Amino acid sequence: MSEPTQRPEMAAPAHGRRALLAAGALAAAAGAGLAWWRLEPGEADLSGFWERSFPTPEGGQLSLAALQGRPLLINFWATWCPPCVEELPLLSRFYTENRANGWQLLGLAVDKLEPVQRFLTRAPISFPVGLAGMEGVELTRQLGNAAGGLPFTVVFDGEGRLRQRKIGQVQPADLAAWRA
């Protein structure tokens, strides 16, 4: 009985898979680097930003100009976005623990009035919410979120300068770093 011989075309896939994995890892690293670079503070278009105002679920208006002068975290979220909903209790605790130290937090819902009202009735949060609707997606792009993905969070200092941006779910370590 002779030993089976390995055909050349059978050996190539293992090498090809390694090359493909290496190329994928390189592409992921390049993508992460590009995302980091694109989200560096200073890349945003803040023209007209502080003049905006948003309706609230309760029927009032929230003016961004009224929020200048103290640190401000703005979180773009939606009721249909699971990571957005998951991070809201963390953001609510952050606001409750830090508002006495001057921190402000605004949630801008990229959503419709009725779903936001229903959500807030079931899961109240401690910070103000404005309704940005689909205009909120364009606003996130102005602030450096090229993909328009949610959740998206930005942090401004007391002078109204954009200091931090994050696409994706906020973690406790992010809040601790921003607070410092």
Contacts under 6 angstrom Cβ, first residue in the stretch 76-98 being surrounded by 14 or more Cβ atoms within 10 Å (Cβ to Cβ) and at pLDDT 95 or above, partner part of a helix (DSSP H, G or I) and not hydroxyl-bearing (Ser, Thr, Tyr), 6 or more apart | Phe76/Gly136; Trp77/Cys84; Ala78/Cys84; Thr79/Pro115; Thr79/Phe119; Phe94/Leu175
Would you confirm whether any residue within the stretch 104-115 is touching a residue at least 24 places away in the same chain (Cβ under 8 Å), surrounded by fewer than 18 Cβ atoms within 10 Å (Cβ to Cβ) and not in a loop (DSSP other than H, G, I, E, B)?
-> yes
Screening Arg93, Arg165 for residues that are assigned to a strand (DSSP E or B) and either farther than 17 Å from Ala44 by Cα or not polar (S, T, N, Q) (or both) leaves only Arg165
Look at the stretch 97-117 and say how many of its residues are over 16 Å from the mean Cα position of the chain (by Cα) and under 20 Å from Ala66 (Cβ atoms).
-> 7
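One line per residue, one yes/no per condition, for (1) among the charged types (D, E, K, R); (2) in contact with a Leu (Cβ under 8 Å, 6 or more places away or on another chain); (3) on the phi > 0 side of the Ramachandran plot:
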residue: Leu113; (1), (2), (3): no, yes, no
residue: Gln117; (1), (2), (3): no, no, no
residue: Pro124; (1), (2), (3): no, no, no
residue: Val129; (1), (2), (3): no, yes, no
residue: Glu135; (1), (2), (3): yes, no, no
residue: Leu139; (1), (2), (3): no, yes, no
residue: Gly148; (1), (2), (3): no, no, yes
Within the stretch 118-141, is there a residue that is of a type in the set (Asp, Glu), surrounded by 22 or more Cβ atoms within 10 Å (Cβ to Cβ), outside any strand (DSSP E or B) and more than 11 Å from the chain's Cα centre (by Cα)?
-> no
Residue under evaluation Ala177, criteria (1) surrounded by fewer than 16 Cβ atoms within 10 Å (Cβ to Cβ); (2) closer than 21 Å to Pro82 by Cβ, criterion not met | (2)
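The values are calculated or read from the model by the stated rules, or taken from the named source; none is laboratory data. Keep in mind that what you see is a predicted model, and the values were worked out from it rather than measured. Heads up, the Cβs are rebuilt from the backbone with ideal geometry, glycines too, and the neighbour counts pull from every protein chain shown.
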